[in-house]
Structures are given as C-alpha cells and as structure tokens.
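Down below is the structure, laid out as structure tokens.
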Amino acid sequence: MLVGFFSFGYTDLLIRFPELSEITGGVANMGLIRAMSLLAPVMAIAGGAMARSANMPAGVLLLASAVGMYVTFGFGVFTMFPITMCALAGALALAARQPDPH
C-alpha cells in the first residue's frame, strides 16, 4: 500500500507541477502507475480476505496483484516484500484442495 500511496502521490505532483518532470525525469506510463497503485493493493486485500472461503478466486486475485505490482513497479527494495508475499499467498490458496470449513 505504501508503494501505491507514494506512486499515486508522485504522479499527482507531476500533473500539478509539470516542470517537476524536467528535473526528475517523469514517468513512462502514468495511467498504468495510477491504476495499479489503487488496484494491486485492493486485489491483494480482497484475495487475502476471501482465501479461507473461496480459495480459487482468492488465489487468482493474489497472483494478479503480484504480477501487476511486478509489471508496474518492478522488483526492488520497496516492492520485493509485497510481491513475494502476494505470490506466495496466491500459490498457497490455489494449492489448497478445498476451502476451509467454517
């Protein structure tokens, strides 16, 4: 979520102050960064919340979140933990034979 907050905030600064992109270099695909800054954490939270009751859709959401973060932000110091944890949770949710009984 922190990567999403800072990425969305940075793109918002670039929209408000276009001269800032001359100093910092700007971003290549602002639309993708803004969309995934919101969607990737939401998919991860939703997948984690429903992993016990609906493991297959939860695993798909978690893996989609991990792929989206990797494609958008790359694999670095601030993204390695969320990408790895979402990918692991998604793989474990898909590997579960059936949802947990309540």
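Anything in the stretch 48-102 that is modelled with pLDDT under 95 and of a type in the set (S, T, N, Q)? List them, or say none. 53, 55, 72, 79, 98 - these are the residues of the stretch 48-102 that are modelled with pLDDT under 95 and of a type in the set (S, T, N, Q).
If we keep just the residues of the stretch 65-87 that are among the hydrophobic types (A, V, I, L, M, F, W, C) and farther than 22 Å from residue 27 by Cβ, which is surrounded by the fewest Cβ atoms within 10 Å (Cβ to Cβ)? It comes out as 81.
Against the definition (over 17 Å from the mean Cα position of the chain (by Cα) and surrounded by fewer than 14 Cβ atoms within 10 Å (Cβ to Cβ)), how does residue 97 come out, yes or no? Criteria met by residue 97.
Whenever a residue of the stretch 80-100 is more than 15 Å from residue 45 (Cα to Cα), its partners that are surrounded by 14 or more Cβ atoms within 10 Å (Cβ to Cβ), lying with C-beta atoms within less than 6 angstrom and at least six residues away or across chains, give the pairs 94/59; 96/55; 99/55; 100/52.
The values are calculated or read from the model by the stated rules, or taken from the named source; none is laboratory data. From a predicted model like this one, the values you see are computed outputs, not experimental measurements. When we count neighbours, we look across all protein chains shown, and the Cβ atoms used for this are built from the backbone with ideal geometry, even at glycine.
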